[in-house]
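Reading through the structure tokens given below for one structure.
The values are calculated or read from the model by the stated rules, or taken from the named source; none is laboratory data. In this text the structure is predicted, and so the values were computed from the model without any measurement. Virtual Cβ from ideal backbone geometry, glycine too; neighbours counted across all protein chains shown. Please note that ligands, DNA and RNA were not included when accessible areas were found on the heavy atoms of the full protein model with its side chains. Shrake-Rupley method; radii C 1.70, N 1.55, O 1.52, S 1.80 Å.
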Amino acid sequence: MTEIEQDMIIPRLILGSTSPYRKKLLASLGVTFTQMRPDTDESPNPGENPSSLASRLGVSKAQSVADQLQNEAHWICIGSDQVCHLEHTLYGKPGTAEQAALQLTAFSGCWVTFSTSLALIASNGQTFSAVEDYECRFRTLSSNEIDTYIQLDQPLDCAGSIKVEQAGVSLLCDARGRDINSLYGLPLMLLSEALQSFSYSIFDFIKRS
């Protein structure tokens, strides 16, 4: 294979996540990709700030999948993680309706930040890592609204106990940020920029007939 032919090879995209939300977001671009499970401990380190935690976990997930591909060539691994925080307090996936209600009660009337990381590791050694923030202001919520919402959307596997792409948007009164997709779990604008930094266009990964 000539050097020119090697340069034309488009690497495989590997999403290092089992999240159905990230899978749906990446699929919305029309790109071809494979989904793999990373082996990552998501526990925060003592004193770790939200942005650093999100960044570390995103890189760890990408690296975990990259480690599984060491015998293969021509791939780019994508890692991502989201940390929800109210000032310096972290809020993870609630797991139960009771915990979700406690989170949403704490958010009532407040601005809450969702920090979402994106990390890329390529088989040729290139790396990329960044964190994108999206802020949401919650309305003043009654306990009845909170309980009804939790029953409706069942956001027990979502950091911050809200599915903004569904009925959760009704809990908000304002929002600010560059890319709404980062709030949903994967910053797609940032992904496009990251691939450009690797000298690829997002359109290079779309299979055309």
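Annotations for the structure displayed:
- Qualifying residue in the range 124-136 (condition: of a type in the set (Gly, Ala, Ser), closer than 25 Å to Gly58 by Cβ, part of a helix (DSSP H, G or I) and at pLDDT 95 or above): no
- Matching helices (runs of 4 or more DSSP H) fully within the range 1-113 where at least 3 residues are of a type in the set (A, V, I, L, M, F, W, C) and surrounded by 15 or more Cβ atoms within 10 Å (Cβ to Cβ): 50-67, 97-107
- Those residues of the range 150-209 which are open to solvent by 70 Å² or more (accessible area, probe 1.4 Å), of a type in the set (A, V, I, L, M, F, W, C) and in a strand (DSSP E or B), in sequence order: Cys173
- Checking each residue in the range 71-95 for being among the hydrophobic types (A, V, I, L, M, F, W, C), under 15 Å from Arg56 (Cβ atoms) and touching a residue at least 60 places away in the same chain (Cβ under 8 Å) picks out only Val83.
- Of the residues making up the range 37-52, none is within 18 Å of Lys163 (Cβ to Cβ) and touching a Ser or Thr at 6+ places or on another chain (Cβ under 9 Å).
- Filter result (on the phi > 0 side of the Ramachandran plot and in contact with a strand residue (DSSP E or B) (Cβ under 7 Å, 6 or more places away or on another chain)) within the range 157-180: Gly160, Gly177
- Scanning the range 114-149 for residues that are aliphatic (A, V, I, L, M) and crowded, with 20+ Cβ neighbours inside 10 Å, we see that the one that is nearest to the chain's Cα centre (by Cα) is Leu118.
- Within the set Glu145, Glu193, the sole residue that is out of contact with any helix residue (DSSP H, G or I) (no Cβ under 9 Å at 6 or more places or on another chain) and among the acidic types (Asp, Glu) turns out to be Glu193.
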